[in-house]
Amino acid sequence: MESELVRLCIEAACENRESVEKWRRQRRSLERLPSHLADALLRRLIHRRLLFPSLLEVFKHSVEKIDLRGENSVDAEWMAYLGAFRYLRSLNVADCHKVTGSALWPITGMTSLKELDLSRCMKVTDAGIRHIISISTLEKLYVSETGLTTNGVTLISSLKNLSLLDLGGLPVTDQALSSLQVLTELQYLDIWGSEVSNKGAAVLRKFSKLSFLNLSWTNVTKLPNLPSLKCLHMSNCTISSLLEGDGGKPPLKKLIFSGAKFENEAEALMHIETSFLSFLDASNSSIQRFCFLPSMEALKHLDLSWSTMGDDLVKHVACIGANLRNLNLSKTRVSSAGVGILAGHLPNLEILSLSYTPIDDVAVSYISMMPLLRVVDLSNTNVKGFIHQEGAEPDFFLSLKALESLNHLERLNLEQTHVRDAALKPLSSFQELRDLSLRSASLTDVSLHYLSSLPKLTNLSIHDAVLSNNGLYLFNPSATLKKMDLYGCWLLTEDAILSFCKKYPQTEVRHELVHNLPSNPNGSTSPSPSRLTSRTLLVNQKQGNISISPSFVDQRLKYNREELLALQYSSLSLAIPLDRGSTTSQLLMNQSSSMS
């Protein structure tokens, strides 16, 4: 952990190119710099985009780890300098599209390198691998989605110390996989999208230490028993049997078969040892009955999104709910009645997603019975924020008030629901809420007024709302607010948004008109919002790439020109009294009549 003094020194050294030039000449001092400080300095230079090839030379005796992933400027010149690093243990140049096979020649025969990531370097071919296989110390190699052929894959068999090998997206055949069985130390193997079949899968038994395996998007339907396996990915496969065979059952902890098709789900999963399984992703799979779930009592993460799960099957989830921490039921048939079945059976649940389900406000009261919830996603549901009570006084009950009992609630997503201003009033008392997402053409300045009371709000997204300039001016958020997304709030003007940015410089504001970055606490300057605006708008106009939601309704059609101008420079909150005798039911009825 860097001390504050060290952090300040590194910040000063990386302030600009002039400051870099002052210290780069002190080569002898830099050569004696401890490796952890050299690594921190180099990371900061990369982050500030102040690193250039010749500057690498001053780090060649001290740095042990370099991460240049996604740096488009990295090419043969950079690799030439990196080849001189005597103590380099880890090098990441993933997504560096200028790195070619010939550019790898300088790192030939490095004696300390243990980890190399060339993922998605499409110009790295079999010729480049011939340079890599000379690095006998390599233990981890990532070459997914490169230009390697089957011949290049077979060359990797000479790297006998490999414990991790990522060949994702490469044309690995059964024969090529068989050539790799000499890698007896292999613990991690990723061959998604390969040409491996059931015949090749039988070879996997030769890898006695294999604990991670990714066979997604392959033609493997039968996977033999692999006694040491802990994590298995078989997404988008057709599965007939898993881990069938002699020997002890593997202590599988993580199983992912998203999008998989099952010939017979009960038979396919009958050989799995479930007592250790804590993570299951069955999203978008063809599973129909879920009868295997009751045996998976150790599950902590369960993803059933896009599945056939419904109220008639949710009992299988309830019976294993004691240990669940994360439950995803998005885009399923689960309704409020199904959530009611789960209530009381999920005492340790922390994350719940019910987006794109037919639930309504009744489900909210059931959700409040899950005491440890931190994240709740109710987006694109029938939640309105209130329940009508006939013959009762008041006529409306604010359903979101039930969530006040969730003392740990940090993130709430209410996008594309039927929630209106008055229904959000209970949110003002949510003391731990840090992230809130709203999207509705029915929301106005009144909502901003309620949200001003949230003491720990860090990220606020409020899309397509009818917010006015004056409403934004009166909005007084907590000092904790770091990001505010106002896309689709069409009444706001550039001047009003820039004024808000000036008033709250710590907050990053996003809108079609501006994208303001928060001011740097160290005093470094960023491009002004106004310059970003003009350039962005010009590019968008030329390319015609302004994205519009398919469900977008231009609310301006309701008003004439004079009314629009009046709205733009006045607060909608003036039209709806907040604390002047209006009841919640009156507010809701006023909004219903005004939006109809």
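The values are calculated or read from the model by the stated rules, or taken from the named source; none is laboratory data. Because the structure is predicted, anything quoted here is derived from the model rather than measured. Reconstructed Cβ throughout: ideal geometry from the backbone, glycine too, with neighbour counts over all protein chains shown. For accessibility, only protein heavy atoms count, side chains too; no ligands or nucleic acids. Shrake-Rupley method; radii C 1.70, N 1.55, O 1.52, S 1.80 Å.
Just a few scattered comments:
- Looking only at residues of segment 138-156 that are touching a Lys or Arg at 6+ places or on another chain (Cβ under 8 Å) and among the aliphatic types (A, V, I, L, M), we find that the one that is surrounded by the fewest Cβ atoms within 10 Å (Cβ to Cβ) is L155.
- In this structure, L8 does satisfy being assigned to a helix (DSSP H, G or I) and either over 25 Å from I129 (Cβ atoms) or open to solvent by less than 50 Å² (accessible area, probe 1.4 Å) (or both).
- Scanning segment 157-180 for residues that are open to solvent by less than 40 Å² (accessible area, probe 1.4 Å), of a type in the set (S, T, N, Q) and within 13 Å of S194 (Cα to Cα) yields one hit, T173.
- Elements of the type strands (runs of 3 or more DSSP E) sitting completely within segment 395-488 and holding at least 1 residues that are free of Cβ contacts under 8 Å to residues at least 24 places away in the same chain and closer than 14 Å to V383 by Cβ: these cover 396-398.
- Taking residues in segment 65-86 that are farther than 16 Å from M110 by Cα, and partners anywhere that are among the polar types (S, T, N, Q) and buried (at least 17 other Cβ atoms within 10 Å of the Cβ), the pairs with Cβ atoms closer than 6 Å and at least 6 places apart or on different chains are D67/N92; R69/N92.
- Flag if P347 is of a type outside the set (D, E, K, R), closer than 23 Å to E410 by Cα and either at pLDDT 95 or above or in contact with a Leu (Cβ under 7 Å, 6 or more places away or on another chain) (or both): yes
- Scanning segment 233-246 for residues that are out of contact with any helix residue (DSSP H, G or I) (no Cβ under 9 Å at 6 or more places or on another chain), open to solvent by less than 30 Å² (accessible area, probe 1.4 Å) and more than 21 Å from L189 (Cα to Cα) yields a total of 0.
- Total residues in segment 286-304 satisfying the condition of being open to solvent by less than 10 Å² (accessible area, probe 1.4 Å) and touching a strand residue (DSSP E or B) at 6+ places or on another chain (Cβ under 9 Å): the figure is 6.
- Lone qualifier among L491, L513, L486 - being open to solvent by less than 20 Å² (accessible area, probe 1.4 Å), within 27 Å of the chain's Cα centre (by Cα), modelled with pLDDT of 60 or more and not β-branched (V, I, T): L486
- Scanning segment 223-265 for residues being at pLDDT 95 or above and among the charged types (D, E, K, R) gives a total of 4.
- The residues of segment 424-439 include none that are modelled with pLDDT of 95 or more, closer than 16 Å to L398 by Cβ and among the small types (G, A, S).
- Neighbours by Cβ (under 8 Å, 6+ apart or cross-chain): first from segment 191-205, farther than 12 Å from L215 by Cβ; second among the aliphatic types (A, V, I, L, M) and modelled with pLDDT of 95 or more: V203/L177; R205/L226
- Considering the conditions (1) modelled with pLDDT under 95; (2) out of contact with any Asp or Glu (no Cβ under 9 Å at 6 or more places or on another chain); (3) under 20 Å from N236 (Cα atoms), E273 is excluded by exactly one of them, (3).
- Among (1) in contact with an Asp or Glu (Cβ under 6 Å, 6 or more places away or on another chain); (2) assigned to a loop (DSSP other than H, G, I, E, B); (3) not small (G, A, S) - the single one L138 does not satisfy: (1)
- Whichever residue in segment 428-474 is among the basic types (K, R) and crowded, with 18+ Cβ neighbours inside 10 Å and, among such residues, is farthest from S355 (Cα to Cα): R434
- Annotation note: of S405, S330, S335, S355, the sole residue that is among the polar types (S, T, N, Q) and touching a Pro at 6+ places or on another chain (Cβ under 7 Å) is S335.
- A search for C-beta distances below 7 Å between a residue of segment 247-274 that is closer than 20 Å to Q187 by Cα and any residue that is open to solvent by 30 Å² or more (accessible area, probe 1.4 Å) and of a type in the set (D, E), counting only pairs 6+ apart in sequence or on different chains, returns K249/E273; P250/E273; P251/E273; L252/E273.
- Residues that are without any contact (Cβ under 8 Å) to a residue 12 or more places away in the chain and assigned to a loop (DSSP other than H, G, I, E, B) do occur in segment 382-389, at least one of them.
- Residue within segment 361-370 that is open to solvent by 10 Å² or more (accessible area, probe 1.4 Å), hydroxyl-bearing (S, T, Y), closer than 21 Å to S235 by Cβ and in contact (Cβ under 8 Å) with a residue 24 or more places away in the chain present: no
- Segment 199-227, subset in contact with a Pro (Cβ under 9 Å, 6 or more places away or on another chain) and open to solvent by 20 Å² or more (accessible area, probe 1.4 Å), residue nearest to K249 (Cα to Cα): P227
- Failed item, numbered, when I387 is tested on (1) of a type in the set (A, V, I, L, M); (2) closer than 27 Å to V466 by Cβ; (3) open to solvent by less than 50 Å² (accessible area, probe 1.4 Å); (4) more than 26 Å from the chain's Cα centre (by Cα): (3)
- Matching entry among S136, S144, S216, S211 (being on the phi < 0 side of the Ramachandran plot and either modelled with pLDDT under 95 or over 33 Å from the mean Cα position of the chain (by Cα) (or both)): S136
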